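My structure is below; once you've seen it, I'll send some questions.
The values are calculated or read from the model by the stated rules, or taken from the named source; none is laboratory data. Since we're looking at a predicted model, the values are computed, not measured. Cβ atoms come from the backbone with ideal geometry, glycine included; neighbour counts cover every protein chain shown. Keep in mind that these areas ignore ligands, DNA and RNA; they rest on the heavy atoms of the full protein, side chains included. Shrake-Rupley method; radii C 1.70, N 1.55, O 1.52, S 1.80 Å.
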Amino acid sequence: MSGISLRNIRKAYPGGPTVLHDVSMEFHPGEFIVIVGPSGCGKSTLLRLIAGLERPDAGEIEIAGIRANDLAPQDRDIAMIFQNYALYPHMSVRENIAFGLELRGMPKAERNRRAQEVARMLQLEPYLERKPGALSGGQRQRVAMGRAMARNTSTFLMDEPLSNLDNALRIAMRTEIKELHRQLGATIVYVTHDQTEALSLADRVAVMKDGHLQQFDRPDVIYDRPANRFVASFLGVPPINFVAAEKLPGWQGMQGLTAGLRPDILKLHAQRPARPSLEARLVLSEMTGSDLLLHCDSAAGRLTVTAPRREVTEQARQLWISYDLDRALFFDNDSGERVDLARDLRSISIVEE
Amino acid sequence: MKPENPIVAMLSLAAGLLFMWPVLYSVWMSLQTADAFYAGKLAFTLDNYERAITQFNFARYLLNSLIVSGLVTVLGITVATLAAFAFARFTFRGGDLLFGATVATLMIPSHISLIPNYLTLAKVGLLDTYAGLILPAISNGFAAFFLRQYIRGIPKALDEAAYMDGASPLTVLWRIIVPLSKPAIASMALYIFITEWNNYIWPLVAVGRQDLYTLQIGLARLYKINPGEGLVDWPLVMAASTITILPVLAGFLLVERHLVRGITMGAVK
């Protein structure tokens, strides 16, 4: 197992914009790190820098305590799983898995045994002699994992490995990857744009935007105490509601703030409740299973609320939405940074008209 | 393939015969004695082949042609593949310029380099040697260009995966790129082989010794050396021509499967 340390990494592609601005992170040995962000945020570039497929323009990369800036990919003791799997199309599954072992001089009998072992772990045994072209998407994904696992490296890099799979398979593979991490105990750096993957897999999540690291912390911290508006909006399904704090009825706290209200802290009422609430009109409802996702117009703007299906009747057009300000997040309107408000500053005087 | 339309099938057959006719006619002619042929009679014999091979040294020319074309093909395709891999996958100082120069060689008629090549070889003493026949032909701008385009179509992630697996650039070339480029390499190898096989002007200039003649030179000399007061011994010439085309035909049949795949490949992917 080896830790990875990135210090002040900067990267620009020739003739292009700067992709990474001064990114610094420290990954502990055995950690499952997820780097998440919208496309173009630099997350894949960061992974390629760790892999050695790209060189940073500035900054230091350290792997297992050794400066790795100038190490070739093959000297970094790292395996990588590519988004499109990058399986060698002219080799069988067995050869794909064993190729890295062959290049490292492992005798044939031994590498075949190892390939067999990995194939058994990933339920690929029946397909060992097939070429990748004759496999389904999920099987190819598994072969890509097998190829990485066969080499027994201390670090795995995964570049959106599940993005080409259908939903059911993605959820199943997500569990498998988590299980695999537990078994192997290796450091995993996993890149995705899918926030559900990020929150469910990671020991720690790095959120990136436009080449800047926004926040790097445990998933629960990122969810509960996002560093800024962007992080709050990027993580969480359904997405957080932003309303001007002043527009919340009775708001007497600081000016110039935006309140972030996650749908789960909003509560629907058919009658005006005793607590502070916004009057709202139901515009659209989406069924998500046991819950309904309700899009409502209010004086503070459009709000999305989740509610158990049985609590909402179709006829309910006129509603009241109450909110729990203790669990609301507040952001500075100018900087977008989250503001920690002392309790009394988020006070609301209930003015009943 | 099954002809769907009888008219199309007939037209195809007619076109096929039209193209085949000169070849069939020369084979037909080569199997007759000269006297009978000129007298308009039929008399079949293999004499012409025997004479071409024994009397006119065609076995030696055939060997020379096989050596020269074979080595030019092997060396040429090696050089072209290495160059194509470099052009397709690496950025290096002057790379674009070099590639531009490679493509520019396609626009220069080969005859322009005839005299400089001759002078160079004369200076290093390689005239009248196999090396003199082979060396000027092993750099082939078209093959390098064609293979580079093909390699660029192979996802770069495969190279990267191999590098992560522990491969060196040459291992990537040999284990990943070459196997995946087989159709293109086979097409180019055949192209180089045929071009060199048919090369007439350079062997004519570069060698004077008869034991280094290639088939094309030998064939041309048949016109001059065969007797008969202005009459050319056509059946003999045709027998020699048939000997000349057979290896090319064999080569084509050998790589035909790859060749067709190479040509259609770009359309599907």
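Give, in nm to one decimal, the length gained when the segment between B:GLN55 and B:TYR38 is fully stretched (0.36 nm per residue of separation minus the Cα-Cα distance).
4.0 nm
Report which residues of the range B:133-167 become buried by 20 Å² or more of accessible surface when going from the isolated chain to the complete set of protein chains (1.4 Å probe; DNA, RNA and ligands ignored).
B:ALA157, B:LEU158, B:GLU160, B:ALA161, B:TYR163, B:MET164, B:ASP165, B:GLY166, B:ALA167
Just want to confirm a number: the relative contact order over chain A, from Cα pairs under 8 angstrom separated by 6+ residues, in percent.
That works out to 16 percent.
Pop out the Kirkwood hydrodynamic radius of chain B from its pairwise C-alpha distances, inverse of mean 1/r, in Å to one decimal. Mind showing how you got there, number by number?
On the way: mean 1/r = 0.0464 Å⁻¹.
The Cα-based Kirkwood calculation yields 21.6 Å.
Here's another thing I want to ask about it. With every protein chain present, what is the per residue accessible area of the protein assembly as shown (1.4 Å probe, Å²)?
50 Å²
Of the residues A:ALA328, A:ALA79, A:ALA98, which exhibits the maximal mean-square fluctuation in a Gaussian network model of chain A defined by a 10 Å Cα contact cut-off?
Judging by the Gaussian network model, the answer is A:ALA328.
If the convex hull of the alpha-carbon atoms of chain A is projected onto planes in all directions, what is the mean projected area in square nanometres?
21.5 nm²
So which residues of the range A:76-101 lose at least 30 Å² of accessible area, probe 1.4 Å, when you go from the chain by itself to every protein chain present?
Residues shielded by partner chains are A:PHE82, A:ALA86, A:TYR88, A:PRO89, A:HIS90, A:PHE99.
Read phi for every residue in the range B:143-154 and hand back ³J(HN,Hα) as whole Hz from Karplus 6.51 cos²θ - 1.76 cosθ + 1.60, θ = phi - 60°, with x for Gly and Pro.
Per-residue couplings from phi come out as 4, 4, 5, 4, 5, 4, 4, 5, 5, 4, x, 7 Hz.
Considering Cα pairs under 8 angstrom that are at least six residues apart, work out the relative contact order of the range B:57-268 and quote it in whole percent.
Relative contact order comes out at 33 percent.
At a 1.4 Å probe radius, carbon and sulfur cover how many percent of the accessible area of chain A?
Carbon and sulfur atoms account for 48 percent of the accessible area of chain A.
Using 1/(1 + (r/R0)^6) with R0 = 51 angstrom and r between the beta carbons of A:ARG281 and A:GLU179, what's the FRET efficiency to the nearest 0.05?
0.65
Calculate the FRET efficiency for A:VAL237 and A:THR18 from the Cβ-Cβ distance with a Förster distance of 30 Å, rounded to the nearest 0.05.
Working: r = 31 Å, r/R0 = 1.03.
The value I calculate is 0.45.
If I take all pairs of Cα atoms in the protein assembly as shown, what percentage of them are more than 36 Å from each other?
Percentage above 36 Å: 60.
Taking the Cα centre of the range A:231-337 as origin, work out the dipole magnitude from +1 charges on Lys and Arg Cβ and -1 charges on Asp and Glu Cβ, in debye rounded to 20.
Its charge dipole is roughly 400 debye.
Projecting each Cα onto the charge dipole of the range B:57-268 (Lys/Arg +1, Asp/Glu -1 at the beta carbon, about the Cα centre), which of B:PRO116, B:ILE185, B:MET164 comes out farthest on the positive side?
Of the listed residues, the answer is B:MET164.
While we're on this one: Which entries in A:LYS11/A:LYS43; A:LYS108/B:LYS156; A:LYS209/A:LYS247 show an alpha-carbon gap greater than 18 Å?
Working: A:LYS11/A:LYS43 12 Å; A:LYS108/B:LYS156 27 Å; A:LYS209/A:LYS247 29 Å.
Among A:LYS11/A:LYS43; A:LYS108/B:LYS156; A:LYS209/A:LYS247, the Cα-Cα distance tops 18 Å for A:LYS108/B:LYS156; A:LYS209/A:LYS247.
In whole Hz and in residue order, list the ³J(HN,Hα) couplings for the range B:46-60 that follow from phi through the Karplus curve 6.51 cos²θ - 1.76 cosθ + 1.60, θ = phi - 60°; x for Gly and Pro.
Karplus-based 3J(HN,Hα) across the range B:46-60 equals 9, 3, 4, 5, 4, 5, 4, 7, 8, 6, 10, 6, 5, 5, 5 Hz.
What is the calculated FRET efficiency for A:ARG327 to A:ASP194, with r their C-beta to C-beta distance and R₀ = 35 Å, to the nearest 0.05? Please list the in-between numbers first.
Numbers: r = 25 Å, r/R0 = 0.71.
It comes out at approximately 0.90.
Mind putting a number on the dipole of the range B:57-268 about its Cα centre? Charges go on the C-beta only, +1 for Lys and Arg and -1 for Asp and Glu, and I need it in Debye to the nearest 20.
300 debye
Sticking with the crude label model, points 7 Å out along Cα→Cβ, report the distance from A:ALA244 to A:GLN123 in nm, one decimal please.
Those two pseudo-labels are separated by 5.5 nm.
Could you give me the ³J(HN,Hα) list for the range B:76-84, computed from phi with Karplus coefficients 6.51, -1.76, 1.60 and θ = phi - 60°, whole Hz, x at Gly and Pro?
x, 6, 5, 4, 5, 5, 4, 5, 4
Roughly how much accessible area, to the nearest 100 Å², goes out of reach of solvent when B and A pair up, both sides summed, probe 1.4 Å?
Values: alone 16130 and 16620 Å², together 31090 Å².
Chain pair B/A: roughly 1700 Å² of buried accessible area.
Between B:SER139 and A:ARG309, with labels modelled 7 Å along Cα→Cβ, what's the label distance in nm to one decimal, could you check?
7.4 nm
Please sort by residue number the GluC sites (Glu not before Pro) in the range A:97-181 whose DSSP state is loop and whose Cβ has at most 15 other Cβ atoms within 10 Å.
Within the range A:97-181, the qualifying GluC sites (Glu not before Pro) (loop, at most 15 other Cβ atoms within 10 Å) are A:GLU129.
Within the accessible area of the range B:57-268, what % is carbon and sulfur when the probe is 1.4 Å and the other protein chains stay in place?
69 percent
Here is a further query. Using only alpha carbons, build the gyration tensor for the range B:123-222 and give me the equivalent ellipsoid semi-axes, biggest first, whole Å.
Computed over the range B:123-222, the values are 38, 15, 10 Å.
In addition: Chain A: longest stretch without exposed trypsin sites (Lys or Arg not before Pro) (DSSP loop, at most 12 other Cβ within 10 Å), sites themselves excluded? Could the numbers behind the result be given before it?
Working: sites that count: A:ARG104, A:ARG317.
The reported range is A:105-316.
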